[in-house]
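Read the figures in this text as sums done on the coordinates, not as results from a lab. All figures in this text were calculated on a predicted structure; none of them were measured in a lab. Cβ coordinates were reconstructed from backbone atoms using ideal geometry, including for glycine residues, and neighbour counts include every protein chain displayed.
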Amino acid sequence: MYKDSPLIHLFETNRGQYIFDVNTNAIIKIQKNVFENLRNNFSLNSSYKIYECEQVKELKDRGFLSSKKVKEVVHPLSDMLEFYMSSKIKMVILQVTQQCNLRCEYCTYSGSYINRTHQDARMNIELAKKGVEFLFDNSRDVDSVHIGFYGGEPLIEFELIKDIILYSEKISNGKRLTFGVTTNGTLLNDKIINFFNSHNVLTTISLDGPKEVHDKNRKFASSGCGSFEKIKNGLENIKHNYPDFLSKVMFNAVLDPNNDFSCINDFFTSYDIVKDLYLNVSDITDDHSVARNTNNEDHETQLKYELFKLYLSKLNKLDKKSVSKLVERYYDHLRKILVDSRGFSSSMPDKGHPSGPCIPGAQRLFIDVNGNFYPCERVSEKSKIMQIGHIDKGFDYDKIRSLLNIGEITSENCKDCWAFKFCTLCAVSADGIDKLSVEKKLFNCKVVKYSLEEHLKDYCMLNEFGYSFEDSNIFKIVEAQNE
């Protein structure tokens, strides 16, 4: 990019042409000829003076089209890391076992990923207590903390989980305490449900859809048979005997693009036990995959059609009951990014960092069966750079600071990037197992920018058809004058 060029991004919908002004966070609708002028000169890497037309001058007078960029890529909390990690830890996730009674085809522990595989290792009670004590010792400035249980399949170690919960409640000293478990749902029985219900344990059950879809990937290790019927029977038991526990249950569906999208959609829309409960949808990850390719054109087409129906419902052109649960969270995400988090600003700071990384370990500190610390449960346990400490030694602040400042490895690209303030990349995006990978991060940068541009287009399209995200003018599209 030419050094005097404005730090902006050009995009268009079927109904208009727009500028996203990076310094101010403004979305500006412009005339088509101005749009073409700007786009052509950017592609030629030309001097800014060439496209100094009247509308551009007007926008500059109103404080837009600044060429200011961040001079130094550094995370603002870098110098406060030790203080932050010693007083503001919000959550620990305890890996109570590395064993699982299922063998799911797409699982990151299946052998198809650069990660550990299922093993017999389990967390002992002494280490688990240390993990809980570590949370309380390092959360003095936090009123509410959360303890999660993870595997493998954590319910294999229910008695351990039970002991940890009772111990945590005993030493909490008035701090608000919540618990959560992520389970495949096959081991839920009356004893577990009763305990979880009485101790308010939020329970996430993995359920991918109807039997023919779910059983394709999620099979018992011992028999190779699908697990759907076992989960269904457990849910029926909850519905009839523990209906109040349903308020503590949510589902996680992993979308395999090789499955029929409409079939999955119909299931979560019509199956009476799941249709009114919270559903989180995630895609099969290709990250650290040995060979898996998850692209499917038909799946993408069906997904976009459901998004189209979602927009129609927002415009009061379609009953919201017709909107797929598989996409309804997309609107919440869109609103969070472009409304709730998009305040106007005067200019880029001299020092700053792309918005993606949380403080590694502060939000979701993952403790494995051996007491090793990781930023969260989603990272590869074989990654040397992701191991950020140990329960007996504390945090490795040099590693944490390096992961927090992941933007440094691509600093020149980040300074020029129009998606700087809305980046979603953390160090996982550059995890090369043995070292941080510039090439991997730059590849993921393209994905983020594509996704953000789609959000911008959707936001503007809804505005074009009369939808209002908010009452305040401060976030609305800025209409350039003299159109």
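Among 122-133, 318-329, how do they line up from the highest to the lowest mean number of other beta-carbon atoms within 10 Å?
Final packing ranking: 122-133, 318-329.
May I ask you to list the trypsin sites (Lys or Arg not before Pro) in the stretch 356-416 that are in a DSSP loop and have at most 16 other Cβ atoms within 10 Å of their Cβ?
Those satisfying the criteria are Arg378, Lys382, Lys384, Lys393.
Given C-alpha coordinates of the chain, what is the ratio Rg to Rh with the Kirkwood estimate of Rh?
Using Cα coordinates only, the ratio equals 0.99.
Tell me, Ile264, Ile284 in order of fewest to most beta-carbon neighbours within 10 Å?
Least crowded to most crowded, the residues run Ile284, Ile264.
Considering only DSSP beta bridges with both partners in the chain, what is the antiparallel share in %, to the nearest 5?
Looking only at bridges with both residues in the chain, the antiparallel portion is about 40 percent.
Could you work out [θ]222 nm for the chain from helices alone, using -39500 (n - 2.57) per DSSP H run of at least four and dividing by all its residues? Round to the nearest 500 deg cm²/dmol.
-10000 deg cm²/dmol
Which value, in debye to the nearest 20, gives the size of the charge dipole of the chain about its Cα centre, when Lys and Arg are +1 and Asp and Glu are -1 at the Cβ?
440 debye
For the stretch 341-475, give the magnitude of the charge dipole about the Cα centre (Cβ charges: +1 Lys/Arg, -1 Asp/Glu; no others), in debye to the nearest 20.
300 debye
Which of Lys90/Lys130; Lys336/Lys382; Lys129/Lys399; Lys29/Lys421; Lys88/Lys393 have a Cα-Cα distance over 22 Å?
Lys336/Lys382; Lys129/Lys399
Mind jotting down the distance between the C-alpha centroids of the stretch 431-459 and the stretch 116-184, whole Å?
Going from one Cα centre to the other spans 33 Å.
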